[in-house]
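One structure is given below, encoded as C-alpha cells.
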Amino acid sequence: MDSLTIYLAITGVVSLGLGVFIGKTLIAKANKTKELELEEKARLIIKEAEISAENIKKDKILEAKEKFLKLKSEFEEEAARKKSQIISNENKLKQREQHLSKEFEKANRKESELEDLKEKLTAQLEIVNKKKTELDKFNQQKVSILEKISNLTADEAREQLTESMKGEAESRASSFIKDIIEEAKLTATKEAKKIVVETIQRTATEHAIENCVSVFNIESDDIKGKIIGREGRNIRALEAATGVEIIVDDTPEAIIISGFDPVRREIARLSLHRLVVDGRIHPARIEEIVTKTRKNIEEEIVEIGERTAIDLGIHGLHPELIKMVGRMRFRSSYGQNLLQHSREVANLCATMASEIGINPKQAKRAGLLHDIGKVWPEEPEKPHAILGMELAKKYKEHPVVCNAVGAHHDEIEMTSLIAPIVQACDAVSGARPGARREVMESYIKRLKELEDLALGFEGVNKCYAIQAGRELRVMVDAESVTDDRAGQLSFDISQKIEKDMQYPGQIKVTVIREMRSVAYAK
C-alpha cells in the first residue's frame with residue numbers, strides 16, 4: 001500500500017511536471033505565432049500609410065501646381081491690364097501735351113496781335129487827342145463869338161435854356177399824368193363797382209338778427225323755488241358748474257342767465273331745460289347734467305365746424321380751427337351771428353376773387369377765418385385781427401391767408417390782393433340792411449366824443465371817425481402844422497384818447513397834411 005502510494009505520487013509529480021512543460025511549450029509557440037502575426041499587420045499598416053502619404057503628397061503637389069498656375073494667370077492678366085492702362089494714360093498725356101502746345105502757340109499769336117493792336121490804338125489815340133484839342137479851340141472860339149453876339153456868358157445861356165425846357169417838360173408831364181390818372185380812376189371805379197355789385201347780387205342772403213339766449217322761459221313760477229333750492233344751494237351749484245350768473249327775480253315765467261361767454265350761457269340754458277324736464281333738481285344731479293350738456297355742446301361745436309368747412313368746400317383745416325369755427329355759432333357781433341357772417345364773407349370773397357382772376361379757394365379760406373380771433377377763449381389784450389393772424393400762423397395756414405386775416409382792419413400792411421378783398425367783403429356783409437344793430441345813441445355819442453377830442457388840438461381843421469370808430473382821420477392846416485409837427489400831433493391825440501376815453505380794441509389815428517396849389521389858365 002505504501003509503495004503504491006509512493007508510485008502514484010511519483011507518477012502525479014512527473015505528470016504534473018510534464019504537463020507544465022508541455023503547457024509552457026505550447027504557450028511559447030502560440031505567443032511566437034501571435035507576435036509574427038502582429039509584426040505582419042504592422043508591416044501592412046506601415047506600407048498602407050506610406051502609400052496613403054504618397055498619394056496625399058501627390059494630391060497636394062497637384063493642388064499647389066494648379067493654384068500656382070491660377071495665380072500666375074491672374075497676375076499676368078492684371079499686369080497686362082495695368083500695362084494697357086499705362087499705355088492709354090501715356091497716350092492721353094501725349095495728346096494733352098500736344099493740345100497745350102497748340103494752345104500756347106495760339107496764345108503767343110494772340111499776344112503778338114494784341115501788341116500790334118495796342119500800337120495801332122495808341123497811334124489813333126494820339127490822333128484823336130490832337131483833333132479833340134483842335135475841336136476844343138474851335139468850340140472856345142465859337143462860344144466867344146456867340147457871347148459877343150448875345151451879350152450872355154455860356155453859363156447864363158445854359159441856365160436860360162434849361163429853365164425854358166424844364167418848364168415846358170413839367171407842363172407837358174403834368175398834363176399827361178393828369179389825363180392818365182383820370183382815365184385810370186374812371187376805369188378802376190367802373191370795374192370795381194361792377195365786381196362788387198355782381199358779387200353782392202350773386203351772394204344775396206336774408207338776415208335775421210340772432211342773439212345768444214339769455215332768458216330761460218318756464219311754465220310757472222313754482223319751478224323757480226325748485227331751481228333756487230333750500231337756502232339757494234341749487235342755484236349756487238348751477239352757477240359754479242356753468243360759470244354764469246342765474247338771476248331769479250320778479251319777472252313772470254322767466255329766469256335771466258347772465259354771462260359774457262355765449263357758450264356758457266347756452267350750456268346753462270340747456271342744463272336748466274333738462275333739469276326742469278327731469279324734475280330732479282339737486283347739486284349732484286346739476287353737476288351730472290351740466291357735465292353731459294358741456295360734452296354735447298363741445299361735440300356739437302366740432303360738428304358745426306366740420307359741416308361748415310364741408311359746405312364751403314374748404315379742406316385741411318386744423319382741428320382747433322374747426323372747433324373755433326363751430327364756436328362762432330354761439331357768438332354775435334352787433335347782433336349779427338358770427339358764423340353766418342363768416343360764411344357770407346367767405347362766399348363773397350370767393351366770388352370777388354373769381355371775378356378778378358385770383359385764387360378763389362384761398363380767398364374763401366381767408367374769409368371764413370377772418371374773425372377767428374373773436375372766439376379765442378383766453379381773450380388776450382390784442383385786436384381780434386392780430387390774434388386771428390397769430391392763430392392762423394400757429395396752425396400752419398398759408399401766409400397769404402394769415403396776412404388777409406391780420407390786415408382786414410388795417411392793423412398790419414396788406415401784402416396780397418386777397419387782403420383788400422376780405423376787407424371789402426367784411427364791410428359788405430356788415431353793411432347789409434338789418435345785418436347788425438347797435439344802440440344808436442351811444443354809438444353816435446362815442447364817435448362825436450372821439451371827433452371833438454381831436455378838434456381840441458391846435459391846427460386841426462376837420463376830423464372824421466371812420467371804420468365804426470376804429471380809425472380817426474385828422475385834417476390839419478398845412479400852413480400852421482409842419483410835417484414834423486403832424487407826426488407829433490398824431491402821437492399826442494392817441495395819448496389823449498387812451499387817457500380820456502373807453503373803447504374796445506384799438507383806434508388808428510391818421511393825421512393828413514395837404515398842400516394845394518391852384519392856378520387858372522385864362
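The values are calculated or read from the model by the stated rules, or taken from the named source; none is laboratory data. The shown structure was predicted, so the numbers you read here are calculated from the model rather than taken from an experiment. Glycine also receives a Cβ, built like all others from the backbone with ideal geometry; neighbour counts cover every protein chain displayed. What goes into the accessible areas is simple: the full protein's heavy atoms, side chains included, and nothing from ligands, DNA or RNA. Shrake-Rupley method; radii C 1.70, N 1.55, O 1.52, S 1.80 Å.
Out of (1) surrounded by 14 or more Cβ atoms within 10 Å (Cβ to Cβ); (2) out of contact with any helix residue (DSSP H, G or I) (no Cβ under 6 Å at 6 or more places or on another chain), the odd one out for Gly456 is which?
Of everything listed in (1) surrounded by 14 or more Cβ atoms within 10 Å (Cβ to Cβ); (2) out of contact with any helix residue (DSSP H, G or I) (no Cβ under 6 Å at 6 or more places or on another chain), Gly456 misses just condition (1).
Mind counting the residues in the range 246-256 that are free of Cβ contacts under 8 Å to residues at least 40 places away in the same chain and surrounded by 14 or more Cβ atoms within 10 Å (Cβ to Cβ)?
Qualifying residue count for the region: 4.
In the range 57-92, how many residues are among the hydrophobic types (A, V, I, L, M, F, W, C) and open to solvent by less than 90 Å² (accessible area, probe 1.4 Å)?
Qualifying residue count, the range 57-92: 5.
Which of (1) at pLDDT 85 or above; (2) closer than 29 Å to Val244 by Cβ; (3) in contact with a Leu (Cβ under 7 Å, 6 or more places away or on another chain); (4) open to solvent by 10 Å² or more (accessible area, probe 1.4 Å) does Ile322 not meet, given it meets every other one?
All conditions pass for Ile322, except number (3).
When you look at Ile310, is it at negative phi, open to solvent by 40 Å² or more (accessible area, probe 1.4 Å) and not charged (D, E, K, R), yes or no?
Yes.
For the range 280-290, enumerate the residues that are in contact (Cβ under 8 Å) with a residue 40 or more places away in the chain and surrounded by fewer than 16 Cβ atoms within 10 Å (Cβ to Cβ).
His282, Pro283, Glu287
Among the residues of the range 257-279 satisfying the criterion of being in a helix (DSSP H, G or I) and of a type in the set (Asp, Glu), which is least open to solvent (accessible area, probe 1.4 Å)?
So, considering only residues that are in a helix (DSSP H, G or I) and of a type in the set (Asp, Glu), the one least open to solvent (accessible area, probe 1.4 Å) is Glu266.
When you scan the range 281-315, how many residues do you find that are outside any helix (DSSP H, G or I) and under 30 Å from Pro360 (Cβ atoms)?
So the answer is 3.
Quick check, is Cys425 at pLDDT 85 or above and closer than 30 Å to Ala363 by Cβ?
Answer is yes for this residue.
Is at least one residue of the range 299-317 under 24 Å from Arg470 (Cβ atoms) and at pLDDT 85 or above?
There is no residue in the range 299-317 that is under 24 Å from Arg470 (Cβ atoms) and at pLDDT 85 or above.
Restricting attention to the range 428-459, and to residues there that are under 26 Å from Leu369 (Cβ atoms) and part of a helix (DSSP H, G or I), which single residue is modelled with the highest pLDDT?
Val428
Any residue at all in the range 486-503 that's over 27 Å from Leu387 (Cα atoms), open to solvent by less than 30 Å² (accessible area, probe 1.4 Å) and either in a strand (DSSP E or B) or in contact (Cβ under 8 Å) with a residue 12 or more places away in the chain (or both)?
Yes, the range 486-503 has at least one match.
Do you know which residues across the range 291-307 are under 22 Å from Val375 (Cα atoms) and open to solvent by 60 Å² or more (accessible area, probe 1.4 Å)?
Thr291, Arg294, Lys295, Asn296, Glu298, Glu299, Glu300, Glu303, Glu306, Arg307
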